[in-house]
Amino acid sequence: MTGFNPKKRPLKILGLLALISIGAIYLINPNFEPEAEPIFIESFLLTDLNGDQSDLIEMHQSKFLIINFWATWCAPCRKEMPLLNNYHLTKSEGYPNVIGIAIDELDQVNNFVAELGIDFPILVGQSEAYDLMESLGNNILTLPYTILVNQEGMIVWNKNTEIKTEDLEQILNLR
C-alpha cells in the first residue's frame, strides 16, 4: 500500500515551485526563449539581378547589414519595399546597408525592381534561398523575414513580418 511519505513532500513542493516560476516567466515575457546559440552568416552564393553569382559574406564586409527575404507574390513584402528603399537612399554614413534576397524567379524580380525603382542590392534564389533563410533563424519559413547582422557576422535582430518605421528605428539603435 502506498501512503503519505513526509520525506518526499519537500521535493514535490520544490518541483511545483519550479514549474510555477517557469510559467511566471512566460506570463511576464511571452517572447522569452531560453538562450539560443548565436547564428552567424556564412559564405553563400546566390544570383544577382544580372544573373551573376554573388557571395553573401563578401557583401557583408564586416559592417552592420540588414538582410530582407521577400518575394514578388508576397503582399507584406511588396508593401515594405518602398520603406527599405527610402532608408537605403537616405541612410547616413556608418548605418547598416540593405540587401534583399528574393525567393522568386529572376525575371519577375527584375520587373518588380524596375517598377518600384529599388536601388539596394538584390539577390535571387529558390529552394537554396529558403535553405539560407532557415539557416539564418527562420524555422517557420514565413515571408517577409528581416535580420540585422552585426560586424562579426552574428544575427542580433530578426522579424518574421513586415518591416515598419519603428523597426528601422529599433535596428538603428542596435548598431
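Remarks
- Among the residues of the stretch 108-128, those that are in contact (Cβ under 8 Å) with a residue 24 or more places away in the chain and of a type in the set (A, V, I, L, M, F, W, C) comprise V109, F112, V113, L116, I118, F120, I122, L123, V124.
- Flag for E134 being in a helix (DSSP H, G or I), over 18 Å from I39 (Cβ atoms) and open to solvent by 10 Å² or more (accessible area, probe 1.4 Å): no
- Answer residue from the stretch 45-76, given it is touching a Gly at 6+ places or on another chain (Cβ under 9 Å) and not aliphatic (A, V, I, L, M) and is most open to solvent (accessible area, probe 1.4 Å) among those: K63
- Members of the stretch 137-157 that are open to solvent by less than 20 Å² (accessible area, probe 1.4 Å) and assigned to a strand (DSSP E or B): Y145, T146, I147, L148, V149
- Inspection of the stretch 158-171 identifies at least one residue that is of a type in the set (S, T, Y) and in a loop (DSSP other than H, G, I, E, B).
- The numbered conditions (1) free of Cβ contacts under 8 Å to residues at least 60 places away in the same chain; (2) closer than 24 Å to K63 by Cα; (3) aliphatic (A, V, I, L, M) are all true for I171 except (1).
- For the stretch 87-128, the set of residues classified as open to solvent by 10 Å² or more (accessible area, probe 1.4 Å), of a type in the set (A, V, I, L, M, F, W, C) and assigned to a loop (DSSP other than H, G, I, E, B) consists of I118 only.
- Scanning the stretch 103-113 turns up no residue that is touching a helix residue (DSSP H, G or I) at 6+ places or on another chain (Cβ under 8 Å), within 19 Å of T165 (Cβ to Cβ) and of a type outside the set (D, E, K, R).
The values are calculated or read from the model by the stated rules, or taken from the named source; none is laboratory data. Given the structure is predicted, the values throughout are model-derived calculations rather than measurements. Cβ atoms come from the backbone with ideal geometry, glycine included; neighbour counts cover every protein chain shown. Just so you know, the surface numbers come from the protein's heavy atoms only, side chains and all, with ligands and any DNA or RNA stripped out. Shrake-Rupley method; radii C 1.70, N 1.55, O 1.52, S 1.80 Å.
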